[in-house]
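The values are calculated or read from the model by the stated rules, or taken from the named source; none is laboratory data. As the structure is a computational prediction, the values presented were derived from the model and not from experiment. With ideal geometry, Cβ positions are generated from the backbone for all residues, glycine too; neighbour counts draw on all protein chains shown.
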Amino acid sequence: MFTRRSWAEPFKIKVVEPIQMTTRGYREQCLEEAGYNTFLLRSRDVYIDLLTDSGTGAMSDNQWAGMMMGDEAYAGSRNFDHLVEAVRDIYGYRYVVPTHQGRGAEHILSQMMIEDGDLIPGNMYFTTTKLHQELAGGAFIDVITDQAFDPESEYPFKGNIDLDKLRAVVDENGADRIPYISFEANVNMAGGQPVSMQNFREVYRFCQSLGIKVMLDATRLVENAYFIKQREDGYADLPIAQIVREICSLSDGATVSGKKDCLVNIGGFLALNDPELYEKATHLVVIFEGLHTYGGMAGRDMEAMARGIRESVDYEHIRARVGQVEYLGKKLLDAGVPIVVPVGGHAVYLDARRFLPHLDQELFPAQALAAAIYADSGVRTMERGMVSAGRDPVTRKNIRPPLELVRMTLPRRVYTQAHMDVSAESVTAVYDERNMITGLKMVYEPQNLRFFQARFARI
Ligand code: PLI
């Protein structure tokens, strides 16, 4: 019998989309026109696009077949039923409110649960999640473990909530000021770092004893489940789907951006167990998204997401997905490039502080590094540092986050190992000439979520 020594993608490629390399001079011009913000580059000017894993994945033939089965009735589409069945089977939640994408679900959850002056503890902020909490009158409080702030710490569960920090928030403010905990699986801003099952369990027990709800951000929950299988005692032999179910059983609901784990280009949902909360959510979704049986999605898109949810928990799929990220991370580590360890589930994060120690954080080192990588090779990455952190909602001062990172995010089922090699070579070449990289100043700043549209100039 053939004994397999390494993993390979559990698919072959049926459709291809050409990509183009450009010249360095042309890319320098593109960068200037884009205000040194990789979000403002045109896709056609990008060679390998590692901006985000959000909505950029490749759907399977089974999902595309599902697109032809769209029931585009305004009300009661059969694809909605399939979506509810998939969420019940895989995640185990009773009720599903479809939304156009993750932030639509965050909006509804925040509006229905948060009152003026409330506090929402969570394991590191996510940009849209925190903003929706603030717009609803709340304030986010970070209770993630300290290990998450150390890019060199090898701690296997850097996404964990520090229960002492959480207890202190409750003791100081009272449980009645805390409508829910915002608990993200495989924490994006920490470097794609997982939460342990033990931590999910302890947080849920603690919150239940106080009547505080636990709401997951289950956007990358399957990647978290894969790490639990790899790293936590007692889970090595369990199927991914069973681990996913167990995590969800330790929560009261979840917001999900379907554009990541669920393998679709658009879509999301809010999942709940409580019938009263579900009823409230159905009243809000009709105002902001659409009728409660489509919530901003076409029937065909709900079908693709229902099928994607089932595909996402296949072991060979998730192993190859995380395996590709590990492959890229190892290449960079071997070349001596400073990255966040352990390597995350959806992306490799370059540590811009150690990469560019000559640049103060006020000079936006991560933004400058993302621009330098694009100039070198046309590989597009994203800043996850002081620009993403934005300003304090009260003092309006720049928040100086401990992590100043550049994210190389891998779309699912899109690029090959050779693309990883080329991307790693580019980052290594930029690292060799890092002393040449100069800082940036912000010349245009939008009021909210500034990283999307801010513009910069070279100093
Ligand atoms: O982009 P949305 O609205 O479908 O989802 C918002 C969202 C919520 N939670 C988490 C953890 C996210 O990562 C997230 C979106 N992330 C993006 C767009 C990213 O590039 O990481």
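Within the range 101-118, being crowded, with 21+ Cβ neighbours inside 10 Å and either among the acidic types (D, E) or within 20 Å of the chain's Cα centre (by Cα) (or both) holds for Q101, G102, G104, A105, E106, H107, I108, L109, S110. Of the residues making up the range 435-450, those that are surrounded by fewer than 18 Cβ atoms within 10 Å (Cβ to Cβ) and either among the charged types (D, E, K, R) or without any contact (Cβ under 8 Å) to a residue 40 or more places away in the chain (or both) are M436, K441, E445, P446, Q447.
Inside the range 101-178, counting only helices (runs of 4 or more DSSP H) that do not spill past its ends, which hold 2 or more residues that are under 26 Å from G295 (Cα atoms) and in contact (Cβ under 8 Å) with a residue 12 or more places away in the chain?
Working: elements: 102-113, 127-135, 163-173.
Qualifying helices (runs of 4 or more DSSP H): 102-113, 127-135.
Taking each residue of the range 61-86 that is touching a residue at least 24 places away in the same chain (Cβ under 8 Å) and at positive phi and looking for partners that are among the polar types (S, T, N, Q) and surrounded by 14 or more Cβ atoms within 10 Å (Cβ to Cβ) with beta-carbon atoms closer than 7 Å, six or more apart or interchain, yields G76/T293. Of all residues in the range 177-201, those satisfying the criterion of being surrounded by fewer than 24 Cβ atoms within 10 Å (Cβ to Cβ) and either among the hydrophobic types (A, V, I, L, M, F, W, C) or touching a Leu at 6+ places or on another chain (Cβ under 6 Å) (or both) are R177, I178, M197, R201.
Test I243 against the criterion of being under 27 Å from G192 (Cα atoms), surrounded by fewer than 23 Cβ atoms within 10 Å (Cβ to Cβ) and out of contact with any Asp or Glu (no Cβ under 7 Å at 6 or more places or on another chain), and give yes or no. Don't jump to the end; show me each part of the working.
Details: under 27 Å from G192 (Cα atoms): yes; surrounded by fewer than 23 Cβ atoms within 10 Å (Cβ to Cβ): yes; out of contact with any Asp or Glu (no Cβ under 7 Å at 6 or more places or on another chain): yes.
Against the criterion (under 27 Å from G192 (Cα atoms), surrounded by fewer than 23 Cβ atoms within 10 Å (Cβ to Cβ) and out of contact with any Asp or Glu (no Cβ under 7 Å at 6 or more places or on another chain)), I243 qualifies.
Checking each residue in the range 316-351 for being within 16 Å of the ligand (Cβ to nearest atom) and either part of a loop (DSSP other than H, G, I, E, B) or under 18 Å from R380 (Cα atoms) (or both) picks out V325, V340, G344, G345, H346, A347, V348, Y349, L350.
Taking the condition of being within 16 Å of the ligand (Cβ to nearest atom) and either within 17 Å of G267 (Cα to Cα) or of a type in the set (A, V, I, L, M, F, W, C) (or both), how many residues in the range 27-47 meet it?
Initial filter on the range 27-47 (within 16 Å of the ligand (Cβ to nearest atom)): 37-41, 43, 46.
Now drop any that are not either within 17 Å of G267 (Cα to Cα) or of a type in the set (A, V, I, L, M, F, W, C) (or both), which leaves 39-41, 46.
Adding up the residues that qualify gives 4.
Every condition in (1) within 15 Å of the ligand (Cβ to nearest atom); (2) in contact with an Asp or Glu (Cβ under 9 Å, 6 or more places away or on another chain); (3) of a type outside the set (S, T, N, Q); (4) outside any helix (DSSP H, G or I) is met by E223 except one, and the failing one is (4). Among residues of the range 416-430 being surrounded by fewer than 19 Cβ atoms within 10 Å (Cβ to Cβ) and among the hydrophobic types (A, V, I, L, M, F, W, C), the one that is nearest to F11 (Cα to Cα) is A418.
Can you tell me which residue among D61, D71, D89 is more than 29 Å from T127 (Cβ to Cβ), of a type in the set (D, E) and within 24 Å of the chain's Cα centre (by Cα)?
Values: D61 fails: within 24 Å of the chain's Cα centre (by Cα); D71 fails: within 24 Å of the chain's Cα centre (by Cα).
When all the criteria are applied, what remains is D89.
For the range 271-281, state whether one or more residues are in a strand (DSSP E or B) and away from the ligand (no atom under 12 Å from the Cβ). Show your work before the answer.
Applying the first criterion (in a strand (DSSP E or B)) to the range 271-281 yields 271-272.
From what is left, the residues that are away from the ligand (no atom under 12 Å from the Cβ) are 271-272.
So far as the range 271-281 goes, yes, one or more of its residues are in a strand (DSSP E or B) and away from the ligand (no atom under 12 Å from the Cβ).
Taking each residue of the range 379-395 that is within 16 Å of the ligand (Cβ to nearest atom) and looking for partners that are aromatic (F, W, Y) and modelled with pLDDT under 95 with beta-carbon atoms closer than 8 Å, six or more apart or interchain, yields A389/Y125. Please go through the range 97-145 and give me each residue that is among the β-branched types (V, I, T) and either away from the ligand (no atom under 13 Å from the Cβ) or under 25 Å from A225 (Cα atoms) (or both), ordered by number. Selection gives V97, T99, I114, I120, T127, T128, T129, I141, V143, I144, T145. Does V379 fit the bill of being on the phi < 0 side of the Ramachandran plot and at pLDDT below 95? No: the conditions fail for V379.
Among the listed residues E326, E289, which satisfies the condition of being acidic (D, E) and farther than 30 Å from A236 by Cα?
Details: E326 fails: farther than 30 Å from A236 by Cα.
Within the list E326, E289, the selection yields E289.
Taken as a whole, the condition of being surrounded by 15 or more Cβ atoms within 10 Å (Cβ to Cβ) and on the phi < 0 side of the Ramachandran plot applies to T56.
Of all residues being assigned to a helix (DSSP H, G or I) and under 16 Å from P156 (Cα atoms) in the range 181-210, which is farthest from the ligand (Cβ to nearest atom)? Just the residue, please. The selected residue is Q198.
Just checking, which of R94, R24 is touching a residue at least 40 places away in the same chain (Cβ under 8 Å), surrounded by 13 or more Cβ atoms within 10 Å (Cβ to Cβ) and either more than 16 Å from the ligand (Cβ to nearest atom) or of a type in the set (S, T, N, Q) (or both)?
Numbers: R24 fails: surrounded by 13 or more Cβ atoms within 10 Å (Cβ to Cβ).
None of the others qualify; the one that does is R94.
In a residue-by-residue description of the range 400-411, the property of being loosely packed, with under 13 Cβ neighbours inside 10 Å, at pLDDT 95 or above and touching a strand residue (DSSP E or B) at 6+ places or on another chain (Cβ under 9 Å) applies to no position.
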